[in-house]
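Presented below is the structure to which this report refers.
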Amino acid sequence: MGNSEIVNKLRDNINQVFVGKENIVDNLLICLLAGGHILLEDVPGVGKTTLALTLAKSMDASFGRIQFTPDTLPSDVIGVSIYNMKTGEFTFQPGVVMNQILLGDEINRTSPKTQSSLLEAMAEGQVTVDGKVIKLPEPFLVIATQNPIEFIGTYPLPEAQMDRFMMRLSVGYPGREQEIHMMELFLEGNTADKVKAVCKAEDILAMREEVKQVKVKDNILNYIEDIVEQTRTEVRYALGASPRALLALVRAAQARAYMQGRDFVKPDDVKAVAKQVLAHRLVLTSEARIQKEDVMDVLEQIIIKTKIPV
């Protein structure tokens, strides 16, 4: 099976269960192929868990889910060493992070200490327990969900944690036709747990290596740099995009080009992923917030006025 065929099969498989959100599915696959992580921000009940489980089943990957609460501990996430009285030795009891696809539900309901326990796993693909480094299974993808900040009992994610997510996406409610189709699928018993695998985790790892080979010419690199630099000089932003954001934008653009069947990046690839990659890393000044400015609107203006390379 060719790699473009694998991507199409994955997309179709997920869209059959996660109805009416093709754009979300495409961005999820871009992050998967780019080796990034996703933050899904939306109200409860719009199918975030279904999306994560369907992806895991479609690629025959191990799936773990943790429901974050105020009393969730870092050891619940990464694991803990337990003393065995019979052998007199410590044995490692793995946490939920030891899965290829990890769904962290309502991550902003737990304490900053537990939130930060995911940082090393997301950044390095490993965890450290009692000074011992343990590698995570590959491919490793975190899909974290968070409720809108106005919800009661939420802790805003710190900027450093936000910066670890390649994209932030908002699922939103499906349209009328999609919801009716969803009910029909539900009545037929066509649910996420019935999904059949269309590829193996090894196929994803192979495609990740091919994504890295997608060519990015100098004029495209300059275009990306122009966009990122403008977020730093924009007076309405107190915090612009980091170098990590710059690299995430490059890799996401490569992954999109790859999904389109190309071995080179076009400006359209950058524009298609720029808002999802950059917006959650940007912080408005207090003056801009008072004036009811919107992070996404300001970013849209920056992208529009940035000169597109020929």
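The values are calculated or read from the model by the stated rules, or taken from the named source; none is laboratory data. All values derive from a computational prediction rather than experimental measurement. Neighbour counts are summed over all protein chains in view; Cβ atoms, including those assigned to glycine, are modelled from backbone coordinates with ideal geometry.
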What residue, of A61, A52, is in contact (Cβ under 8 Å) with a residue 24 or more places away in the chain, in a loop (DSSP other than H, G, I, E, B), out of contact with any Gly (no Cβ under 9 Å at 6 or more places or on another chain) and not assigned by TED's automatic domain parsing to the domain that holds D263?
A61
Where residues in the range 229-245 are out of contact with any Leu (no Cβ under 7 Å at 6 or more places or on another chain) and assigned to a helix (DSSP H, G or I), which of them is nearest to T54 (Cα to Cα)?
R244
Out of everything in the range 163-172 that is within 18 Å of L28 (Cβ to Cβ) and not in a strand (DSSP E or B), what residue ends up being modelled with the lowest pLDDT?
G172
Looking for something loosely packed, with under 14 Cβ neighbours inside 10 Å, in contact with a Lys or Arg (Cβ under 9 Å, 6 or more places away or on another chain) and basic (K, R) - is there at least one such residue anywhere in the range 159-178?
no
Condition check for V228: more than 29 Å from V19 (Cα to Cα) and in contact with a Phe, Trp or Tyr (Cβ under 9 Å, 6 or more places away or on another chain)
no
Quick check on the range 217-228. Is at least one of its residues touching a residue at least 40 places away in the same chain (Cβ under 8 Å), farther than 16 Å from V270 by Cα, of a type in the set (A, V, I, L, M, F, W, C) and not in a loop (DSSP other than H, G, I, E, B)?
no
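Residue under question is S75, and the condition is that it be in the same structural domain as V142 (by TED's automatic domain parsing), farther than 30 Å from L246 by Cα and under 18 Å from the mean Cα position of the chain (by Cα); does it hold?
It is false that S75 is in the same structural domain as V142 (by TED's automatic domain parsing), farther than 30 Å from L246 by Cα and under 18 Å from the mean Cα position of the chain (by Cα).
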How many residues are crowded, with 24+ Cβ neighbours inside 10 Å and of a type in the set (A, V, I, L, M, F, W, C) when one looks only at the range 40-57?
5
Only residues in the range 253-279 that are more than 17 Å from R11 (Cα to Cα) and in contact (Cβ under 8 Å) with a residue 12 or more places away in the chain count as the first member; pair them with residues that are surrounded by fewer than 24 Cβ atoms within 10 Å (Cβ to Cβ) and of a type in the set (K, R), Cβ under 6 angstrom, at least 6 apart or cross-chain, and list the lot.
F264/K215
Can we say I180 is at pLDDT 75 or above, under 27 Å from G95 (Cα atoms), among the aliphatic types (A, V, I, L, M) and not in a loop (DSSP other than H, G, I, E, B)?
no
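Quick one: which strands (runs of 3 or more DSSP E) lie wholly within the range 68-150 and hold at least 1 residues that are without any contact (Cβ under 8 Å) to a residue 40 or more places away in the chain and surrounded by fewer than 15 Cβ atoms within 10 Å (Cβ to Cβ)?
Correct list: 79-84, 89-94, 126-129, 132-135.
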Would you confirm whether any residue within the range 210-226 is within 21 Å of L51 (Cα to Cα) and under 20 Å from the mean Cα position of the chain (by Cα)?
no
Name the residue that is modelled with the highest pLDDT, counting only residues in the range 145-162 that are more than 24 Å from K21 (Cβ to Cβ) and in contact with a Leu (Cβ under 8 Å, 6 or more places away or on another chain).
Q161
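If you scan the range 233-252, which residues turn out to be out of contact with any strand residue (DSSP E or B) (no Cβ under 9 Å at 6 or more places or on another chain) and either within 18 Å of E287 (Cα to Cα) or in contact (Cβ under 8 Å) with a residue 24 or more places away in the chain (or both)?
T233, E234, V235, A241, S242, R244, A245, L249, V250, R251 - these are the residues of the range 233-252 that are out of contact with any strand residue (DSSP E or B) (no Cβ under 9 Å at 6 or more places or on another chain) and either within 18 Å of E287 (Cα to Cα) or in contact (Cβ under 8 Å) with a residue 24 or more places away in the chain (or both).
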